[in-house]
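Input: a single structure, listed below in structure tokens.
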Amino acid sequence: MVMKDPGWLTPQEQRAWRAHLAAHRLLSHQLDRELQVFGLSLNDYEILVNLSESPEHRMRMSELADATVQSRSRLSHQISRMEADGLVAREDCEDDRRGTFAVLTDLGWETMQRVAPEHVASVREHFVDLLTPEQVATIEEVYTGVVEHLHTLRSAK
């Protein structure tokens, strides 16, 4: 079996890739640490954001798993923990007996209203304010293309 040339990264490409990985890990760690003050993880917050931005503050579990890029079973365990904390509830789908909705509770909504301003301030401090407006525009443009490519691959499966 002959291996194809992988197209090794140039030194600059490798530095850019490693900087991306380090920034992603460090930023995620910092934001997660700051959310722990509120008893939330970054994954919890992402679920609350998705539900808070959805009509009637509810989403099918399958759609929420896709939106948060989690397996159905992992999401189910996380929703169980969040249910125990009173942040979300599960409701059966009336039109699909196999389907289940995750629904933001009043406490979940109150938590979002309390935590979101602090989280946005953290994102601004640790990311946005470190960049020029031109850099923000470039990052948006670059990552939009990457996200679209990866969504296409996920949809093809």
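Here the chain is assigned +1 on the Cβ of each Lys and Arg and -1 on the Cβ of each Asp and Glu. Its dipole about the Cα centre then comes out at about 780 debye. Result for the chain in a Gaussian network model with C-alpha springs under 10 Å: among LEU40, LEU131, LEU75, the largest mean-square fluctuation is at LEU131.
Net charge of the neighbourhood of ARG124, taken over other residues with C-beta under 15 Å away and scored Lys/Arg +1, Asp/Glu -1, is -4.
How large is the Kirkwood hydrodynamic radius of the range 107-157, counting all unique pairs of alpha carbons, in Å?
13.4
The relative contact order of the chain, computed from alpha carbon pairs under 8 Å that lie at least 6 residues apart in sequence, is 19 percent.
Can you tell me the FRET efficiency between ARG154 and SER28 if r is taken as the Cβ-Cβ distance and R0 is 22 Å, rounded to the nearest 0.05?
Working: r = 20 Å, r/R0 = 0.91.
Efficiency computed from Cβ-Cβ geometry: 0.65.
Take the Cα of GLU134, step 7 Å toward its Cβ, do the same at SER122, and the gap between the two points is 3.2 nm. When the chymotrypsin sites (Phe, Trp or Tyr not before Pro) in the range 1-105 are filtered for DSSP coil states and for at most 13 other beta-carbon atoms within 10 Å of their beta-carbon, the remaining sites are TRP8.
No solvent, one uniform scatterer per C-alpha: report log10 I(q)/I(0) for the range 1-71 via the Debye equation at q = 0.26 1/Å, two decimals. For the range 1-71, the Cα-only Debye profile gives -1.10.
Label-to-label distance for GLU83 and GLU13 is 4.7 nm, based on points extended 7 Å past Cα in the beta-carbon direction. Comparing VAL147, VAL115, VAL88 in a Gaussian network model of the chain where C-alpha atoms under 10 Å apart are linked, the largest mean-square fluctuation is found at VAL147.
Computed with the Debye formula from one identical point scatterer per Cα of the range 27-118, without solvent, the log10 of I(q)/I(0) at q = 0.13, 0.20, 0.22, 0.25 Å⁻¹ comes to -0.40, -0.93, -1.12, -1.41. Hey, in the GNM for the chain with a 10 angstrom Cα cutoff, which one of ASP44, ASP106, ASP96 fluctuates hardest? Largest GNM mean-square fluctuation: ASP96.
Just so you know, all these numbers are worked out from the coordinates, no wet-lab data involved. Owing to the predicted nature of the structure, the values given are computational and were not obtained by experimental measurement. With ideal geometry, Cβ positions are generated from the backbone for all residues, glycine too; neighbour counts draw on all protein chains shown.
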